[in-house]
Amino acid sequence: MYKIMIVEDDPKLAGLLQSHIERYGNEGNVVEDFDHVLEQFHEMKPHLVLLDVNLPSFDGYYWCRQIRSVSTCPIIFISARNGTPDQLRALENGADDYITKPFAYDIVIAKIHSQLRRVYGDYAAASAERTVEKDGLVLYPERMELTLHDQTSVLTKKETILLETLLSRSPRLVTRETILEKLWDDTFVDDNTLSVNINRVRKRLGELGIENALETIRGSGYRLHTVWKR
């Protein structure tokens with residue numbers, strides 16, 4: 001059974017989508033608090049998200065970006081906006097598919113099943129999950145999780161990239177320039193933004209009981225010390 005998160009502010013439509021999803025043996029979870037969609041995503045841990053564009057407070061594009069910052073699960077937009085720019089914007093913000101209203105429910109179900117097969121089923125890549133390990137500290141880039149012994153910390157996409165860079169080069173120095181290129185390509189980023197991301201990584205390490213592992217080398221970059229193996 002797969003869990004499908006339904007982010008649709010029309011209660012009747014949301015209920016009908018839930019009914020069709022459950023008719024095919026999956027679990028449909030309807031969001032009711034549209035101010036805290038990401039929090040509910042973390043609680044539900046869905047395999048796929050159905051996401052409307054026109055929502056209260058923040059639109060679907062915003063919530064798509066928020067979900068993409070923590071997960072690679074399939075996202076299908078369902079919207080009355082049928083223009084090419086809207087569909088392109090959805091795809092550029094991380095969507096996997098876009099269905100325009102009104103739609104046939106069988107088409108929605110078929111597209112859901114297609115995405116589930118692609119990611120989790122018959123068409124999913126058969127390669128082993130990639131990990132980055134250093135003295136018992138294990139990073140799962142595809143899950144965006146960091147584990148030590150029986151403890152786990154959930155990461156954002158940027159935290160995952162940053163930790164992978166630091167772990168793979170530890171105990172060598174990682175320069176500021178290397179980190180900026182990994183995280184933001186050619187986009188200009190000020191020192192404060194970089195510092196914020198470094199502090200977030202320190203916090204994630206702290207959640208696993210790892211303190212004082214990430215050293216700042218002033219004017220040069222950062223070095224990750226394996227203090228957790230002591």
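The values are calculated or read from the model by the stated rules, or taken from the named source; none is laboratory data. Please read these numbers as outputs of a predicted model, since none were measured by experiment. Don't worry about glycine lacking a Cβ; one is built from the backbone with ideal geometry, like all the others, and counts go over all protein chains shown. Ligands, DNA and RNA are excluded from the accessible area calculation, which covers all protein heavy atoms including side chains. Shrake-Rupley method; radii C 1.70, N 1.55, O 1.52, S 1.80 Å.
Just to confirm the filter: which chymotrypsin sites (Phe, Trp or Tyr not before Pro) across segment 132-230 are DSSP coil and have at most 15 other Cβ within 10 angstrom of their Cβ?
For chymotrypsin sites (Phe, Trp or Tyr not before Pro) across segment 132-230 that sit outside H, G, I, E and B with at most 15 neighbouring Cβ atoms in 10 Å, the list reads F188.
Pairs K111/K182; K134/K182; K45/K157; K157/K203; K45/K229: which are spaced more than 24 Å apart, C-alpha to C-alpha?
K111/K182; K45/K229
Beyond 17 Å, how much of the Cα-Cα pair distribution for segment 132-224 remains, as a whole percent?
Cα-Cα pairs in segment 132-224 separated by more than 17 Å: 45 percent.
Please report, in whole Å, how far the alpha carbons of segment 25-82 spread along each principal axis, starting with the longest.
On the principal axes, segment 25-82 reaches 28, 24, 22 Å in Cα extent.
Taking a ≥ b ≥ c as the square roots of the eigenvalues of the Cα gyration tensor of segment 3-120, is the shape rounded (a/c under 1.5), prolate (a/b larger than b/c) or oblate?
Note, shape of segment 3-120 comes out rounded.
Beyond 28 Å, what share of the Cα-Cα pairs of the chain remains, rounded to the nearest whole percent?
Every Cα pair in the chain considered, those over 28 Å come to 41 percent.
Against the globular-protein guess of 2.2 N^0.38 Å, express the Cα radius of gyration of segment 101-176 as a ratio, rounded to two decimals.
1.59
May I ask you to derive the FRET efficiency for V227 and H36 from their Cβ-Cβ distance with R0 = 35 Å, giving the value to the nearest 0.05?
Approximately 0.45, to the nearest 0.05.
Return one whole number: the accessible area per residue of segment 3-120 in Å², for a 1.4 Å probe.
Per residue, segment 3-120 has 47 Å² of solvent-accessible surface.
Just add up the charged neighbours of V174: K/R +1, D/E -1, any other residue whose Cβ is under 10 Å from the Cβ of V174. List each step's numbers first, then the result.
Values: positive: R169, R172, R176, K182, R223; negative: E177.
So the surrounding residues net to +4.
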